[in-house]
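Reading through the structure tokens given below for one structure.
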Amino acid sequence: MHIVLWRRLDREGHDVCRYSEISDGWNFEGVAVFDHAGSAANLSYSVSCDRDWRSRSAAVSGWIGETVFNLTIEREHAANWRVNGTIDPALAGLEDIDLGFTPASNTNAVRRMNLSEGAGTDCVAVWLDTEDWAVKRLPQSYHRIGQRTFAYVSPQHDYRATLVTDQFGVVIEYPGLWTAISRN
């Protein structure tokens, strides 16, 4: 088991997540409490991955201001994804779930890719966009530049940063967005 508590840097907020190995893969679950556009948000999340860290499903529930929020994302067979029960063909073939409100969901991509130092790759994630709370495709790239550092790019957001991970593969420094304040 691996537990991390983060503090949000770009606005008020915290996130705590617990990663657990299960019989057929990995699960991570947590709670994020943060300011979203002047309203308090409280979101619980759970993500399930197979043994190779390919995302299988995610569930998010809670509230954003006065709005109740519930979301399920589930892989159907090897290629299709269901969002709240409906297949979204735009997500076919994607392997990682990225919940845009938490740094916890970068771990599945980091662990799944298992990049050697100096190697990099482009990928597209099943992404929960916190601007409109819709599930979309998110192009991104990871390039391992050190034992625990990755050059990360999200071209859609014109965001480039060096992410620092711990030995488990959890992002502990996400420049301008998150920093880990406790780990065990």
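Give the residues of the stretch 107-148 that are touching a residue at least 40 places away in the same chain (Cβ under 8 Å) and aromatic (Phe, Trp, Tyr), sorted by residue number. Within the stretch 107-148, just Trp133 meets the criteria. Does the stretch 73-85 hold any residues that are under 23 Å from Gly30 (Cα atoms) and either surrounded by 14 or more Cβ atoms within 10 Å (Cβ to Cβ) or touching a residue at least 40 places away in the same chain (Cβ under 8 Å) (or both), and which are they? Those that are under 23 Å from Gly30 (Cα atoms) and either surrounded by 14 or more Cβ atoms within 10 Å (Cβ to Cβ) or touching a residue at least 40 places away in the same chain (Cβ under 8 Å) (or both): Ile73, Glu74, Arg75, Trp81, Arg82, Val83. Filtered by the rule that a residue be under 30 Å from Val68 (Cβ atoms), among the small types (Gly, Ala, Ser) and surrounded by fewer than 19 Cβ atoms within 10 Å (Cβ to Cβ), the stretch 112-154 gives Ala134, Ser154.
The test for being open to solvent by less than 70 Å² (accessible area, probe 1.4 Å) and assigned to a helix (DSSP H, G or I) holds for Ala109. The set of residues in the stretch 155-164 being within 21 Å of Gly118 (Cβ to Cβ) and either open to solvent by 30 Å² or more (accessible area, probe 1.4 Å) or without any contact (Cβ under 8 Å) to a residue 40 or more places away in the chain (or both) consists of Arg160, Ala161, Thr162, Val164.
Only one entry of Glu66, Glu29 meets the criterion of being closer than 26 Å to Pro175 by Cα and modelled with pLDDT of 95 or more, and that entry is Glu29. If we scan the stretch 86-106, do we find a residue that is touching a residue at least 40 places away in the same chain (Cβ under 8 Å), outside any strand (DSSP E or B), among the aromatic types (Phe, Trp, Tyr) and at positive phi? No: the stretch 86-106 contains no residue that is touching a residue at least 40 places away in the same chain (Cβ under 8 Å), outside any strand (DSSP E or B), among the aromatic types (Phe, Trp, Tyr) and at positive phi. Annotation: of all residues in the stretch 165-184 being at pLDDT 95 or above, part of a strand (DSSP E or B) and open to solvent by 40 Å² or more (accessible area, probe 1.4 Å), the one that is farthest from Val4 (Cα to Cα) is Glu173.
The values are calculated or read from the model by the stated rules, or taken from the named source; none is laboratory data. Model, not experiment: these values are computed from the prediction. A quick note on method: Cβ atoms are made from the backbone with ideal geometry, for glycine too, and the neighbour counts reach across all protein chains shown. Areas reflect the complete protein model, heavy atoms only, side chains present, ligands, DNA and RNA absent. Shrake-Rupley method; radii C 1.70, N 1.55, O 1.52, S 1.80 Å.
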